[in-house]
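The values are calculated or read from the model by the stated rules, or taken from the named source; none is laboratory data. Note that this is a predicted model, so its numbers are computed, not measured. Here the Cβ positions follow ideal geometry from the backbone for every residue, glycine too, while neighbour counts run over all protein chains shown. These area figures cover heavy atoms from the full protein model, side chains too; ligands, DNA and RNA do not enter into them. Shrake-Rupley method; radii C 1.70, N 1.55, O 1.52, S 1.80 Å.
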Amino acid sequence: MAKSRSQQTAEKTIYATFKILKEAGGEMRGKEVQDRIEETVQFEEWEKHRYEKTGNIRWRSVLHFYTIDCIKAGYMRKNKGMWILTEEGEKAMKLGPEKLLASATKRYREWSADRKKDTPNNQVDEGDIEAEVVGAKGQIQKARLEQYEEEASNGIREYVLSKNPYEFQDLVAALLKAMGYHISEIAARGPDGGIDIIAYTDPLGTKLPRIIVQVKHYPTNPIPADHIQKLAGTMKRNTDVGIFVTSGSFSNAARKEARESREHIELIDFERMVDLWQQHYSKLPDEQKNLLPLQPIYFLGSNE
């Protein structure tokens, strides 16, 4: 049976995805993965077509559609815009592009059969992912939702990245207030001695603990372990709790340092910060909502 054009597109984009993730150490933001694919993979005009209905580019829609197979196969994971290559997925790369995709699709069908889903055929006729294909509607819907979620996450991230370090610091202070903490001090512009925000659980600061907050607007570089050590050094009281907030991520060494530190240090990366902002958004006054304005939109979900 001849392969559809979508399957051919999926073979090269899925394999390129795995290769890019492996070279990046196992994980990368989905948007960055797709940007790298666009730079390194040659596409025909048919693959670069943009759908009028959704505005999505065909090869990107194909990629999202077939990453669902890879997720159900255990080859990769997605978490709040991050794409993660699993150990099993790295091993599957040895199969090559064609057999890798076939293996993922086979495992997806087995997963569907276990759930007694009526999806006997995961192939898409002539590769038109945007079409309502019999037997793949649920997967198409899930792929679309993933694209919308990634676009929303990317929009939030770009907005946060556009802020300067002091605006990001104000955003973190507003979040802590919305969470019920009382801000005692916010560092002024200039050297801060390693402390950006001091907060308490009561208005007068008479109840323990004192919360020492370090804020770093480092969207691209992971926070190294020595930054965690410096935060620990500012915690002079045994009862102090440290919070390190970054607009980016933490290195594995930094996470290990926080776990093993004698002091209690909580790490809040970009994803966790956005989650907390969403959870407490309704408690923010309108002026502070504008620091990172959000608009909830509801789509019909998927049963898969």
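Here are a few things to note about the model shown:
- Cα-projected label distance for Ile84 with Lys230, points at 7 Å along beta-carbon direction, nm: 2.8 nm
- Evaluated with a Cβ-only charge set (Lys, Arg +1; Asp, Glu -1), segment 22-82 carries a dipole of roughly 400 debye about its Cα centre, given to the nearest 20.
- Point-charge dipole on Cβ atoms (K/R +1, D/E -1) for the chain, about Cα centre, debye to 20: 680 debye
- Axis angle, to the nearest 10 degrees, between helix 137-161 and the longest C-alpha principal axis of the chain: 30 degrees.
- C-alpha center-to-center spacing [segment 229-247, segment 271-291] in angstrom: 23 Å
- 0 to 90° range, to nearest 10: angle between helix 96-114 axis and the chain longest Cα axis: 80 degrees
- Computed from the C-beta positions of Asp114 and Asn290, the FRET efficiency with R₀ = 51 Å rounds to 0.60.
- Residues of segment 259-286 with amide N under 16 Å of a point placed 7 Å along Cα→Cβ from Ala253: 259-261
- Solvent-accessible surface (1.4 Å probe) assigned to Met273 amounts to roughly 0 Å².
- Cα gyration tensor shape of segment 243-304, rounded if a/c is under 1.5, else prolate or oblate by comparing a/b with b/c: oblate
- Top positive-direction residue, dipole computed over the chain with Cβ charges, set Tyr51, Ser261, Ala174: Ser261
- Long-range HN-HN contacts of Ser251 with modeled amide H, under 5 Å: Ile223
- Length-normalised contact order for the chain - Cα pairs under 8 Å, 6+ apart - percent: 14 percent
- Convex hull of Cα atoms in the chain, direction-averaged projection (nm²): 18.7 nm²
- Signed unit charges on C-beta, dipole axis of the chain, positive-most listed residue Thr17, Gly205, Gly155: Gly205
- In this label model, Ser282 and Lys99 are separated by 5.3 nm, measuring between points 7 Å along each Cα→Cβ vector.
- Sorting Thr206, Thr13 by accessible area puts them as Thr206, Thr13; the probe is 1.4 Å, largest comes first, and only protein heavy atoms count.
- Contact order normalised by residue count of segment 166-296, Cα under 8 Å, 6+ apart, percent: 22 percent
- Kirkwood hydrodynamic radius over Cα pairs of segment 1-67, then Stokes diffusion coefficient at 10 °C and 1.306 mPa s, in µm²/s: 128 µm²/s
- Segment 170-290: C-alpha gyration tensor shape, a/c 1.5 cut-off, then a/b vs b/c: oblate
- Calculated FRET efficiency for the pair Glu45/Asp275, C-beta based, R₀ 30 Å, to 0.05: 0.15
- Trypsin sites (Lys or Arg not before Pro) within segment 1-94, DSSP loop, no more than 11 other Cβ atoms inside 10 Å: Lys53
- Loop-resident trypsin sites (Lys or Arg not before Pro) (DSSP state other than H, G, I, E or B) in segment 147-247 with no more than 13 further Cβ atoms inside 10 Å of their Cβ: Arg189, Lys207, Lys236, Arg237.
- Degrees between helix 30-40 axis and first principal axis of the chain (Cα, 0 to 90, nearest 10): 50 degrees
- Whole-percent carbon and sulfur share, accessible surface of segment 127-274, 1.4 Å: 50 percent
- Where trypsin sites (Lys or Arg not before Pro) fall in DSSP loop in segment 251-304, at most 13 other Cβ within 10 Å: Arg262
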